[in-house]
Structure formats: structure tokens, C-alpha cells
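So the structure is just underneath, and the comments pick up after that.
Any read-out appearing in this document is the output of simple, stated calculations on the displayed coordinates, not a laboratory observation. Since the structure is predicted, the reported quantities are computational estimates derived from the model, not experimental observations. Cβ placement follows ideal geometry from the backbone for every residue including glycine, while neighbour counts extend to all protein chains displayed.
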Amino acid sequence: MESETDSTQCNEDQMSQTQDGENGEQDCGLEGGEGMVVDGDIQDWNGFASGETAEEDDMVADWKSGESVTPQHVLRLTSYTKEFLCSPEDNIYNINFSRFKIRDLASGSVILDLKKHCPTEIKDVIQLDAGRFIQYHFSPAFLTLREIGATLEFTVGSKALNRFRLIERHFFRNLLLKTFDFEIGFCIPHSRNTCEHIYCLPDLEPETIDEMIASPFETRSDSFYFANNKLILHHKAEYAFNP
């Protein structure tokens, strides 16, 4: 199988980002993609997925409370994190995710489309009770896909957001499947934003795929969001690939 420790950056022709400074209202319904189920309260959904190793313990030990978590820190982690590395209060830009959609690039079919209620007016309110953890149920066929597009829609509060960056680390148990590293860039204050990231999925050995299917929720991911190289959001997810 393919295991990567280096980040992959999507090309400019692979990612589209639009920003809308107007406070227009979005569709606030919920749509679930074919062949998937999401556990938990969707109204609390605000994100996207534990092994323990001595290396991670050493890495976390290097970090001291009160210090900013950097991209270099999370890129050196060797397993899925046991704790959140930042608090909801660190979201000082009041980023609020309102939609997450996954599509298969080969067929164009939509696998998942989640929408959350979003008010017309963008306010500076930190959502302390926002869900930062979610479980996904996909079909085993998901593991055979080669490329998917993941679309995010989100709003930004009254502060301009500079060097917005997403790093995702995907693990099966303590095995690093792949790292994804996307530069979202600059977002203006009080804006509604849409961006799509292209994921080139790893080639997995048949034995690994069988184990992942037989071991629900042992495939996990950390999603780290940075502004100016400082961690401001951390979301976790777990995955099951049910027949």
C-alpha cells in the first residue's frame, strides 16, 4: 500500500475558491449522500474523522501548554491524536462550517452532502458547543475510489483570515494512510466562502482494505485548521465501511 508522511498540495487547477462578502441566505436543509450514514446530531455538526505510540507521546511532550501548535508539529505526529490540540475559544475568526459535500470525480456522483442551518446575518459568536467529532458510514466501494472532491462552505466573522490552511492526517490504527495539505488562503471579514479540495486517495493493499472493512471506526482522521501558522480549529472523525 502507499503510505505518505509528506503533505500533498492541490494544484491551482484542482482547487476552486470563491468568496462572497454579501450576507446571502443559504439552503439550510440536510441531504445525505447515497450509501452513507452519519452518526450524531447533524445540527451540531461543524466539521468533517486511538492509537498510541511512544513517538506521539514524545512529540506532545515537546509542546507546552500555552504554546501555539504549528503545522510542523502536526506533520510530525505519528498517530491519531488522543486529545484535541486546541479549544473552541481558539476559533477567534468565528469560522462556521455550513456545508460539506463529497463527490466522486470519475463518475460525478455525490457521495455525501451535509448542510447545516446558517443564519442570514454573520455574527461574531464562538460556538462552544459545536460538534468537533463525527462518525461516517461509507460503503466498501469508497475504498476503491481514486479521486474525490470535497467542497466546504463556511462563513468568517469580523476579522480577516490570513493564510488559512487545512492539514488532514488519515490513519488506520497506527498506520499513516496519507497526509493532505491544502492552502485555502485569504478570506475577507463577514464573508461566505466555498472551496473544493481534490483528494488523490492512496492505493491500498487488498489485505488492508479487508481489515478496514472488518474494523469499523479504526480508520480515523485529524483535521487541523491554521491561520498564520497557528492552530485555530481541530476536528476529528472516524470511519466505517459497511457492506
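Please compare each pair in K82/K116; K101/K159; K101/K236; K159/K230 to a cut-off of 21 Å on the Cα-Cα distance and tell me which ones are over it. As for pairs spanning more than 21 Å Cα to Cα, those are K82/K116; K101/K159. Only Lys, Arg, Asp and Glu carry charge here, each on its Cβ (+1 for the first two, -1 for the last two); on that basis region 148-243 has a dipole of about 740 debye about its Cα centre. Across region 181-195, coupling constants 3J(HN,Hα) worked out from phi with the 6.51/-1.76/1.60 Karplus curve, θ = phi - 60°, read 9, 10, 8, 7, x, 9, 10, 6, x, 6, 10, 10, 10, 9, 9 Hz, and Gly and Pro carry x.
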